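The values are calculated or read from the model by the stated rules, or taken from the named source; none is laboratory data. Small disclaimer: the values here were computed from a predicted structure and weren't measured. Every residue, glycine as well, gets a Cβ built from its backbone with ideal geometry; the counts of neighbours run over all protein chains shown. Remember, those area values only see protein heavy atoms, side chains included, never the ligands or the DNA or RNA. Shrake-Rupley method; radii C 1.70, N 1.55, O 1.52, S 1.80 Å.
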Amino acid sequence: MPHNSIPVIETKRLVLRGPEAGDYPDFRATFSSYRSRFMGGPLTPYETWMLYAAEIGHWQIRGYGMWMIHDRTTDKPLGMAGGWKPAQWPEAEIAWIIWPETAGHGYALEATHAARGYLYGRLGWEGAVSYLDPKNLDSIRLAERLGAKKDTGAQTVDGNDICYRHPSPAQLKNTQISDGIELEIAHYADPKFRPEGYALD
Amino acid sequence: MNAADTLTTHRLILRRPEPADFEPFCAFMMSDRTRFLGGPKSRRIAFDRLANFAGHWVMRGYGRYIVTDRATGRPLGHAGAFQHDDTIPPEMAWSLWSADDEGRGLAREAAAETLRHYRADLGWPVVCARIHRDNAGSIAIARQLGGTQVPHDEGDTLRFDIALAQRGAA
């Protein structure tokens, strides 16, 4: 897929676009830091650059990939979310990462929910998994908020990760799961109802 | 200014990477032919590397070309500049994916065409090539392309710089 044809997804607070060269500094800051410890990091400058190029190239090889999440008002990059399937990944994955300083606003939930909706609705995915580090409690929590359930029978990437299986498109269509997600996103979007007491992606 | 998406020579067409290049590229990466590049590599690394090639084009506006047979379209290898590190000049590659395609000067033909484009159309002053000291075939190509060895402190890797501006003026 040519880079300029990567679809744009808009949500209430966010715009998801293909990753650009100009978005690299935030990616580098996160992946060279402890924040990336559950995603193979921290990485060296060489590894970080190559991974970012691979994030972009994944779109061209697979026809889908990780979107860059932007604040709809300020355009500030907030993190990434989307589909991910390098060679030897057992199944297509839905993945997300939020830049550290923007965590705790429900952006990952809103972005990943929208990305999953696109992959299911427009690209015809019948389902998806997320491969998570068992120590990455914030991401496990987000997977569960997205309605995913731990699948102990599924093949994992390398045995050090756990597989969460996302609800199918049918299970997300006007069900309690999807209503609950929409409700939580709406509460983040309305400061009067912002959840208190825990910082989550 | 961005590099041309396609370059054509007498026998070759050089173009940007495409999804269908993965299997032949993977066969190359997993073979003994990458022994001077730290290989053989896994299928996983091969995928990441082809994705790097494609993403580099978006990041930099130039990158590795896939070298194809002009008559049949068959992918033969890759050539062109790559730069992840701004402190050294763009780094060249000229790799043929199968031993069957060696011996006809195809790698040199592809690399020479990219250098012509970088010099004449983009005005680049210099590129470099990092080559394992035992990779005699590749060292010979570097010298044929005008490369001169420069001091380089990296184990068994030699560095050749190819000055493009001087060649243009000569």
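From A:Leu132, A:Leu109, which residue is modelled with pLDDT of 95 or more, aliphatic (A, V, I, L, M), under 17 Å from A:Phe38 (Cα atoms) and surrounded by 20 or more Cβ atoms within 10 Å (Cβ to Cβ)? Break it down stepwise before answering.
Numbers: A:Leu109 fails: under 17 Å from A:Phe38 (Cα atoms).
Result: A:Leu132 is the single residue among A:Leu132, A:Leu109 that is modelled with pLDDT of 95 or more, aliphatic (A, V, I, L, M), under 17 Å from A:Phe38 (Cα atoms) and surrounded by 20 or more Cβ atoms within 10 Å (Cβ to Cβ).
Considering (1) part of a loop (DSSP other than H, G, I, E, B); (2) modelled with pLDDT under 95; (3) open to solvent by less than 60 Å² (accessible area, probe 1.4 Å), say which one A:Gln88 fails and leave the rest.
Just one mismatch for A:Gln88, condition (3).
Could you check, for the range B:139-149, whether at least one of its residues is hydrophobic (A, V, I, L, M, F, W, C) and at pLDDT below 95? Spell out how you get there, then give the answer.
Taking the range B:139-149 and keeping what is hydrophobic (A, V, I, L, M, F, W, C), we get B:139-142, B:145.
Going one step further and asking which of them are at pLDDT below 95, we end up with none.
No, every residue in the range B:139-149 fails to be hydrophobic (A, V, I, L, M, F, W, C) and at pLDDT below 95.
So, in the range B:55-73, exactly how many residues are in a loop (DSSP other than H, G, I, E, B) and under 15 Å from the mean Cα position of the chain (by Cα)? Write out each step before concluding.
Going through the range B:55-73, the residues in a loop (DSSP other than H, G, I, E, B) turn out to be B:61-64, B:70-73.
Filter once more, keeping what is under 15 Å from the mean Cα position of the chain (by Cα): B:62-64.
Residues flagged as in a loop (DSSP other than H, G, I, E, B) and under 15 Å from the mean Cα position of the chain (by Cα) within the range B:55-73 amount to 3.
Could you please find all residues in the range A:112-129 being farther than 19 Å from A:Ile185 by Cα, without any contact (Cβ under 8 Å) to a residue 40 or more places away in the chain and open to solvent by less than 10 Å² (accessible area, probe 1.4 Å)?
Result: A:Val129, single match.
Condition first: crowded, with 18+ Cβ neighbours inside 10 Å and either within 14 Å of chain A (Cβ to nearest Cβ) or part of a helix (DSSP H, G or I) (or both). Can you find one or more residues in the range B:87-94 that meet it?
Restricting attention to the range B:87-94, the residues satisfying the condition of being crowded, with 18+ Cβ neighbours inside 10 Å are B:89-90, B:92-94.
So of that shortlist, the ones also either within 14 Å of chain A (Cβ to nearest Cβ) or part of a helix (DSSP H, G or I) (or both) come out as B:90.
Scanning the range B:87-94, I find at least one residue that is crowded, with 18+ Cβ neighbours inside 10 Å and either within 14 Å of chain A (Cβ to nearest Cβ) or part of a helix (DSSP H, G or I) (or both), so the answer is yes.
Here are B:Phe25, B:Phe53: which of them is out of contact with any Cys (no Cβ under 7 Å at 6 or more places or on another chain), free of Cβ contacts under 8 Å to residues at least 40 places away in the same chain and under 24 Å from A:Ile56 (Cα atoms)? Please lay out each step first, then the result.
Details: B:Phe25 fails: free of Cβ contacts under 8 Å to residues at least 40 places away in the same chain.
One residue alone meets the criteria, B:Phe53.
Can you name the condition, by its number, that B:Ala79 falls short on among (1) crowded, with 21+ Cβ neighbours inside 10 Å; (2) within 14 Å of another protein chain (Cβ to nearest Cβ); (3) in contact with a Phe, Trp or Tyr (Cβ under 8 Å, 6 or more places away or on another chain)?
(2)
Would you point out the residue of the range B:43-72, among those that are facing chain A (nearest Cβ under 7 Å) and among the charged types (D, E, K, R), that is least open to solvent (accessible area, probe 1.4 Å)? Give the derivation first.
Filtering the range B:43-72 down to residues facing chain A (nearest Cβ under 7 Å) leaves B:43-44, B:46-48, B:50-56, B:58-59.
This time we only want the ones that are among the charged types (D, E, K, R), so: B:43-44, B:48.
Working: B:Arg43: 75, B:Arg44: 72, B:Asp48: 37 Å².
The extreme case among them is B:Asp48.
When both residues are 6+ apart or on different chains and their Cβ atoms are under 6 Å apart, which pairs have a first residue that lies in the range A:78-103 and is within 14 Å of chain B (Cβ to nearest Cβ), and a second that is surrounded by fewer than 17 Cβ atoms within 10 Å (Cβ to Cβ)?
Cβ pairs passing all conditions: A:Ala87/B:Arg43; A:Ala87/B:Arg44; A:Gln88/B:Arg43; A:Gln88/B:Arg44; A:Pro90/A:Gln155.
From the list A:Trp59, A:Trp67, which residue is within 9 Å of chain B (Cβ to nearest Cβ) and open to solvent by less than 20 Å² (accessible area, probe 1.4 Å)?
Working: A:Trp67 fails: within 9 Å of chain B (Cβ to nearest Cβ).
None of the others qualify; the one that does is A:Trp59.
How do the strands (runs of 3 or more DSSP E) wholly within the range A:92-201 filter down when requiring 2 or more residues that are aliphatic (A, V, I, L, M): which remain? Full working, then the answer.
Numbers: elements: A:93-98, A:129-132, A:162-165.
The qualifying strands (runs of 3 or more DSSP E) are A:93-98, A:129-132.
Results for (1) at pLDDT below 95; (2) more than 21 Å from A:Lys12 (Cβ to Cβ); (3) touching a Pro at 6+ places or on another chain (Cβ under 6 Å), shown as yes or no for each residue.
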{"position": "A:Trp84", "(1), (2), (3)": "no, yes, no"}
{"position": "A:Trp96", "(1), (2), (3)": "no, no, no"}
{"position": "A:Leu119", "(1), (2), (3)": "no, no, no"}
{"position": "A:Ala128", "(1), (2), (3)": "no, yes, no"}
{"position": "A:Ala143", "(1), (2), (3)": "no, yes, no"}
{"position": "A:Thr152", "(1), (2), (3)": "no, yes, no"}
{"position": "A:Ile177", "(1), (2), (3)": "yes, no, yes"}
{"position": "A:Asp190", "(1), (2), (3)": "yes, no, no"}
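Is at least one residue of the range B:32-42 surrounded by fewer than 22 Cβ atoms within 10 Å (Cβ to Cβ), over 17 Å from the mean Cα position of the chain (by Cα) and without any contact (Cβ under 8 Å) to a residue 12 or more places away in the chain? Please lay out each step first, then the result.
First pass over the range B:32-42, keeping only residues surrounded by fewer than 22 Cβ atoms within 10 Å (Cβ to Cβ): B:32-42.
Next, from what is left, pick out any that are over 17 Å from the mean Cα position of the chain (by Cα): B:32, B:40-42.
Of the ones still in play, those that are also without any contact (Cβ under 8 Å) to a residue 12 or more places away in the chain are B:32, B:40.
Yes - at least one qualifying residue is present in the range B:32-42.
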